[in-house]
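Heads up, the thing below is written out as structure tokens.
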Amino acid sequence: MGLLDYFIKKKIKQQSDNFDKDAYDNYNKSKIKEFTDKYDLSTKEGIMSIPISEATKYTDVNQSVVFMPEQILMRKATEYKKANNYELAIICLRKSNELLKYSPFSYTRKDYERLVDMMVIAGKYDEARQEHKKLNDDLGTRLDELRALQNFAVQTNSESRESYQKRIIDPYIEEETDREHYYWLLEHKPKLAPKSFGSYRRMKNQNSNTYKEIINEIIKDGYDLNDVTFWL
């Protein structure tokens, strides 16, 4: 171990030893309560009334990300999803997306896509397609983002183009192809679609009997899963 590595690890350990978890948790709870006391997250009107200024008011971003308004809204959306209240889940994520670009924290294209995924789960397929296209037009695609990171990795000699392609790009393309197939199933063959995308990927990767049955049923109806499209 070099001398610099030694001092870096020593500093990290000191910071960890000095971390007061109770104080951190209490601070987050107080800020979250301050926000939820101010805005009614149980109604569309209350959620949509949250102004952009809420995303820019916190200057001490080193304190925590947990109490940021977009994070509170994302967690609330998850709560509503579990309760099958997709309408409010979508509204929470729509408002969160409005705030993301103004947040002092950096978010990826994938964070914005949570709204699209929630729309699909809610069966709002046309809305999901339109929102997906709008995000692509406004922010670029996730693949664009990953390719930019690939270029940066190559330029800084942190990783070869081939290595990044194999480690990041190719798995992403495969996952998104699977996602498009799964979303197509949800819309056109809901009785065949598994309950979740994760379940679909597992059975597909295992080439399970259930997956083979899905493929056979699709073929009987004159479809080839490799040719179907969901997005605009």
Quiz item: Can you give the FRET efficiency for Asn85 and Lys29, using 1/(1 + (r/R0)^6), R0 = 25 Å, r = Cβ-Cβ distance, to the nearest 0.05?
Solution: 0.55
Self-check item: Neighbour net charge for Ala128 - beta-carbon separation under 13 angstrom, K R +1, D E -1
Solution: 0
Self-check item: Stretch gain in nm, segment Thr108-Val154, where the contour uses 0.36 nm per residue and the Cα spacing is subtracted
Solution: 14.6 nm
Exercise. Considering only Met74, Met48, Met119, give the residue with the highest GNM mean-square fluctuation for the chain, with springs between Cα atoms whenever their separation is below 10 Å.
Key: Met48
Exercise. With unit charges on the beta carbon (Lys/Arg positive, Asp/Glu negative), name the residue among Tyr183, Ala148, Ile214 whose Cα is farthest towards the positive pole of the charge dipole of the range 142-232.
Key: Ile214
Quiz item: So which trypsin sites (Lys or Arg not before Pro) in the range 131-232 end up in coil per DSSP with only 14 or fewer other C-beta atoms within 10 Å?
Solution: Lys191, Lys195
Exercise. Using a Gaussian network model of the chain whose springs link C-alpha atoms within less than 10 Å, name the residue from Met68, Met203, Met118 with the highest mean-square fluctuation.
Key: Met203
Quiz item: Anyone know which of Asp20, Asp178, Asp40 comes out most mobile in the 10 Å Cα GNM of the chain?
Solution: Asp20
Quiz item: Counting Lys and Arg as +1 and Asp and Glu as -1, each charge on the Cβ, what is the dipole of the chain about the Cα centre in debye, to the nearest 20?
Solution: 540
Quiz item: For the range 168-226 and the range 61-132, what is the separation of their Cα centres, given in Å?
Solution: 25
Exercise. Describe numerically, in nm with one decimal, the distance between label points set 7 Å from Cα along Cα→Cβ at Val65 and at Ser53.
Key: 2.7
Quiz item: Using Cα atoms only, what is the angle between the long axis of helix 21-38 and the major principal axis of the chain, expressed in degrees (0 to 90) to the nearest 10?
Solution: 70
Quiz prompt | In the range 85-208, lysine pairs closer than 21 Å at Cα, eight or more apart or cross-chain | solution = 20
Self-check item: Karplus (6.51, -1.76, 1.60) ³J(HN,Hα), θ = phi - 60°, over the range 168-179, in Hz, Gly and Pro reported as x
Solution: 10, 5, 4, x, 5, 4, 5, 5, 5, 5, 4, 5
Quiz item: Where does helix 125-139 land angle-wise versus the long Cα axis of the chain, in degrees 0 to 90, nearest 10?
Solution: 50
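Values in this text are rule-based calculations from the coordinates and carry no lab data. Worth saying up front: this structure is predicted, and the values here are computed from it rather than measured. All Cβ positions, even for glycine, are placed from backbone atoms using ideal geometry, and neighbour counts span all protein chains on display.
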